[in-house]
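> Got a structure here, written out as structure tokens. Questions coming.
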Amino acid sequence: MSCCVRPPAPASVRPAAALTPASVAPALTTRRRRGAAVLLAALLAGCTSGGPPPDPSERRARELLTQLSLDEKIQLVHGVGEVPEGAGLIPGIPRLGIPDLRYVDSASGINLAGSGATPLPAPIALAATWDADLAEAYGRLIGQELRALGIAVGLGTGINLAREPRNGRTFEYMGEDPVLAGVLAARRTAATQQEQVVATIKHLGFNHQETRRFSSNSVVDERTMRELELLAFEIAVKEGRPGNVMCAYNLVNGLKSCESPYLIETVLKQDWGYPGVVQSDWVLAVTDTERAALAGLDEEQPGSLNDFVGSYGVQTFFNQRLKAAVQDGRVPADRLDDMVLRKLRTLYRIGLMDRPPGPRQPIDREAGHRLAHQIATEAMVLLKNDAPAAGSTPLLPLQPAALRSVLVVGAHADAGVISGGGSARVPPPDGIDPVPCTEPERQPGPEALFRACATYYPSAPLHALRERLPQAQLRYLDGRNAAAAAEAAAAADLAIVFASQWTSEQVDLASLALPGPTTDPTNHPYDQEALIRAVAARNPRTVLVLQTGTALTMPWLDAVPAVLQAWYPGVKGGEAIADVLLGAVNPSGKLPLTFPRGESDLPQPVISSTELDVVYREGLAMGYRWFDSRGLTPLFPFGHGLSYTQFAYSGLSAAAYGRGGVELRFTLANTGAREGAEVAQVYASLPASAGEPPQRLVGWQKVKLAAGERREVVIRIPRERLAIWDTGAHRWRVPSGSYTLRVGGSSRDAGAQSTTVRR
Ligand code: BGC
């Protein structure tokens with residue numbers, strides 16, 4: 001094993017056009033000088049493989065490594081098992097200034113009861129903003145709160161693609177497109193780490209369903225791996241530079257992910273030059289000390305104090321077992337050194353050695369809740385907004401002056417907003433869940449670690465609506481009696497039905513229909529679909545507000561004129577929903593995953609509970625690529641989302657950009673009467689010889705325009721977005737031929753503009 005680790009590729013490739021000859025020359029000279037210093041430093045550090053340069057973190061890490069005993073090295077590569085305050089702990093080594101490293105889940109905020117941390121909207125909601133600046137703000141807030149709480153590692157950004165929308169963890173991830181997920185995850189990760197805490201990106205890879213998650217085997221070909229899921233990781237790793245990458249529970253092509261030399265050593269460490277730590281997922285991710293260590297795993301979590309007793313009744317492998325393997329040469333001492341070096345270099349680089357986590361400080365609750373509110377409003381996707389009767393205007397935004405009586409019904413809208421479960425759950429900030437729920441009895445064990453009761457935050461849409469509609473009478477019914485709700489709806493000027501879908505780690509959804517008493521009696525004790533139909537049948541002015549963690553099927557859609565998708569909207573969700581319904585905020589979210597008409601349209605119509613092999617027969621045709629390839633009409637396509645205003649695209653032109661990229665220019669006009677934001681999306685169709693699905697997302701920009709405003713928009717598509725994975729050469733290649741580029745408001749926008757370029 002070489003002692004040198006290549007640093008990651010530059011954060012982003014700057015357009016060559018931006019470099020003038022005068023600016024290039026000094027840059028080269030400086031680079032050459034730095035190169036010489038680097039070579040010298042590398043030689044001094046005993047590194048002879050000719051790789052690039054140890055930076056100061058590298059030098060300090062190498063020096064510290066020489067001072068560690070074997071036992072201390074072993075101590076740094078495994079956790080000590082279950083801990084009361086968080087998900088894991090690696091005790092520090094005070095004599096060398098190595099701090100205690102506490103690990104806490106932070107997918108949607110920090111999962112630490114009593115911490116007061118901000119429950120942000122779920123990551124799927126963040127993805128629906130399509131806004132990298134908001135992803136940065138999201139990551140920064142999590143970093144600041146982790147810092148304040150004295151936590152070293154946030155188990156944060158999950159970017160497994162939504163290959164299977166019934167996956168119970170879809171809400172924790174960023175949708176079905178690798179570029180969207182990768183770019184947002186990168187910005188989020190970098191921002192968290194600027195606060196001097198380590199951010200983990202997870203779960204490498206192909207962790208696409210919870211059914212038999214410890215033993216299912218994702219069977220997927222090289223090209224599909226590289227162009228989809230691994231591309232999301234590649235972008236997030238190279239641009240976000242996470243300190244840690246977590247491998248997954250499942251197997252990939254026959255090997256546990258955490259024991260896969262291909263995923264860890266070849267792809268992550270060699271091809272992408274990843275210099276950080278590969279940590280395992282939590283239980284049953286590792287099965288063999290040598291296999292994991294030699295595949296490149298650097299750390300086992302949660303580990304245990306004694307491998308043979310183990311946490312959760314499960315044995316572990318990186319404590320006594322690893323020590324014995326190193327002592328008798330089954331795992332080379334160099335490999336252990338590499339594991340520790342990766343950890344130390346990460347701690348130095350991110351700043352934890354110089355500024356160790358301190359005692360708990362108060363959290364800036366107001367700032368957190370403000371950001372949660374903003375992201376929730378920007379994430380909402382207006383799925384449908386028809387006029388309730390011929391000749392009238394679309395039902396949303398609501399017109400307060402015309403409303404004297406409003407019925408609000410269902411989904412605990414009088415108490416709060418729902419959130420997802422599992423490790424990504426964030427407890428209510430004051431410890432009070434406004435919706436009582438009794439946990440059902442279950443068998444103990446690693447398969448039943450998490451609550452089956454949904455968590456709610458006390459941000460009641462009903463109260464927020466009352467505040468914003470002081471002149472109207474608002475009546476609330478809980479939805480259990482559909483007939484009574486229908487009666488009340490008939491007597492009201494407007495009905496707002498709230499419906500929800502609880503999802504969680506550990507359980508996949510049986511279907512994408514709204515859950516009810518047969519599918520999730522704990523959280524959804526009445527038939528939500530029947531309620532919607534009953535209310536809408538008696539009042540054509542019915543608005544539906546959805547809080548879900550993934551796509552839904554909507555056999556009742558024709559009955560309802562307006563549907564707002566609010567996702568899991570976080571701690572200020574009720575206020576955010578009311579703001580959008582009333583038009584204080586014009587919705588601008590776009591779907592980060594396709595909503596199918598029915599499960600039979602999915603590549604895998606059912607999730608088998610018995611088959612261990614999950615075969616990716618669809619190949620490259622994941623998500624919208626599947627619907628496009630098959631000519632299927634989705635219920636709502638990827639990228640869809642309406643506004644209270646309208647946008648028009650015109651004048652598209654293309655020019656060369658950088659080395660083989662394309663610069664697109666077009667005019668975007670807000671043709672309506674309100675200010676609004678549009679996510680202009682660029683899709684590319686590759687030459688037929690490439691053998692690709694019909695189109696892929698290659699770029700986007702969120703543009704805010706005043707009523708009537710027109711603006712020229714420039715979107716640059718780097719060359720790599722046009723590349724395909726060459727399985728012969730095992731590298732990216734841009735096929736020559738003709739490329740069609742389309743810009744529009746969704747992946748199926750009839751008003752999209754298109755142009756053709758040759759490469
Ligand atoms: C999940 C991880 C999580 C870990 C620690 C596991 O069950 O798969 O995403 O970070 O638990 O809570």
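> What is the set of long-range amide H partners of residue 672 at a cut-off below 5 Å, with H atoms built 1.01 Å from backbone N?
Here the answer is 646, 708, since their amide H atoms fall under 5 Å of that of residue 672.
> If you find the alpha carbon centre of segment 546-566 and of segment 604-619, how far apart are they in angstrom?
So the separation of the two Cα centres works out to 27 Å.
> Okay, moving on. With a ≥ b ≥ c taken as the square roots of the eigenvalues of the C-alpha gyration tensor of segment 368-591, please select rounded if a/c is under 1.5 and otherwise prolate if a/b is larger than b/c or oblate if it is not? If you can, show how the numbers build up before the last one.
On the way: a/c = 1.77, a/b = 1.46, b/c = 1.21.
Verdict is prolate for segment 368-591.
> What lysines could a cross-link reach from residue 323, if we take a straight Cα to Cα line under 17 Å and drop same-chain neighbours fewer than 8 places away?
Filter leaves 73.
> Can you tally the net charge around residue 553? Count Lys and Arg as +1, Asp and Glu as -1, for every other residue whose Cβ sits under 12 Å from the Cβ of residue 553. Provide the component values of the computation, followed by the final result.
Values: positive: 166, 597; negative: 529, 599, 601.
Once positives and negatives cancel, what remains is -1.
> For the chain, what does the relative contact order come out to in percent, with C-alpha contacts under 8 Å and a separation of six or more?
On the way: 1896 pairs, mean separation 105.1, N = 759.
Contact order relative to length: 14 percent.
> Rounded to the nearest 500, what is the chain's calculated 222 nm mean residue ellipticity when only DSSP H runs of at least 4 contribute -39500 (n - 2.57) each, over all residues?
Working: 17 runs with 192 residues, N = 759.
The per-residue figure over the chain is -7500 deg cm²/dmol.
> Measure of size requested: the Rg and Dmax of segment 332-441, with Cα atoms as the atom set and Å as the unit; please supply both.
Rg and Dmax of segment 332-441, Cα atoms, are 24.5, 77 Å.
> Let me ask something else about it. Cα centroids of segment 148-190 and segment 255-319: how far apart, whole angstrom?
Result: 20 Å between the Cα centres.
> Return the distance in nm (one decimal) between the two label points of a simple spin-label model at residue 558 and residue 736, each offset 7 Å from Cα along Cα→Cβ.
Each label point is offset 7 Å from its Cα along the Cβ direction, giving 5.3 nm.
> Per-residue HN-Hα couplings for segment 421-436, Karplus 6.51 cos²θ - 1.76 cosθ + 1.60 at θ = phi - 60°, whole Hz, x for Gly and Pro?
x, x, 5, 7, 5, 10, x, x, x, 9, x, 10, 8, x, 10, x
> Tell me, what is the percent relative contact order of segment 16-350, built from C-alpha pairs under 8 Å that lie six or more residues apart? All intermediate terms of the calculation are to be shown ahead of the outcome.
Details: 683 pairs, mean separation 56.5, N = 335.
Relative contact order comes out at 17 percent.
> Can you tally the net charge around residue 309? Count Lys and Arg as +1, Asp and Glu as -1, for every other residue whose Cβ sits under 13 Å from the Cβ of residue 309.
On the way: positive: 321; negative: 82, 307.
Charge balance near residue 309 sits at -1.
> How big is the Kirkwood radius of the chain, worked out from every pair of different alpha carbons and given in Å to one decimal? Please report the intermediate quantities before stating the final value.
Working: mean 1/r = 0.0373 Å⁻¹.
Roughly 26.8 Å, rounded to one decimal.
> If you don't mind, another one. Binning at 20 Å from 0, report for segment 16-350 what percent of all alpha-carbon pair distances ends up in each bin.
Percent of Cα pairs in each bin: 31, 59, 10, 0.
> Given R₀ = 25 Å, FRET efficiency for residue 711-residue 655 by Cβ-Cβ distance, to 0.05?
Values: r = 18 Å, r/R0 = 0.72.
Working from the Cβ atoms, E equals 0.85.
> Compute log10 of I(q)/I(0) for segment 614-758 with the Debye formula, placing one identical point scatterer on every Cα and leaving out solvent, at q = 0.15 Å⁻¹, to two decimals.
After summing over all Cα pairs, the log10 values are -0.80.
> Turning to a different aspect of this structure: Where does the charge balance sit around residue 386 when Lys and Arg score +1, Asp and Glu -1, over other residues with C-beta under 13 Å from its C-beta? Before the final figure, lay out each step's value.
Details: positive: 384, 541; negative: 558.
With Lys, Arg at +1 and Asp, Glu at -1, the neighbours total +1.
> Between their Cα atoms, which of 202/238; 238/702; 572/702; 256/343; 238/572; 256/590 are more than 25 Å away from each other? Walk me through the numbers before you get to the answer.
Details: 202/238 14 Å; 238/702 23 Å; 572/702 23 Å; 256/343 22 Å; 238/572 33 Å; 256/590 35 Å.
From 202/238; 238/702; 572/702; 256/343; 238/572; 256/590, over 25 Å: 238/572; 256/590.
> Let me ask something else about it. What per residue convex hull volume, in Å³, do the alpha-carbon atoms of segment 308-394 yield?
293
Coordinate-derived values only; no laboratory data. In this text the structure is predicted, and so the values were computed from the model without any measurement. Note that each Cβ is placed from the backbone with ideal geometry, even for glycine, and that neighbours are counted across all protein chains shown.
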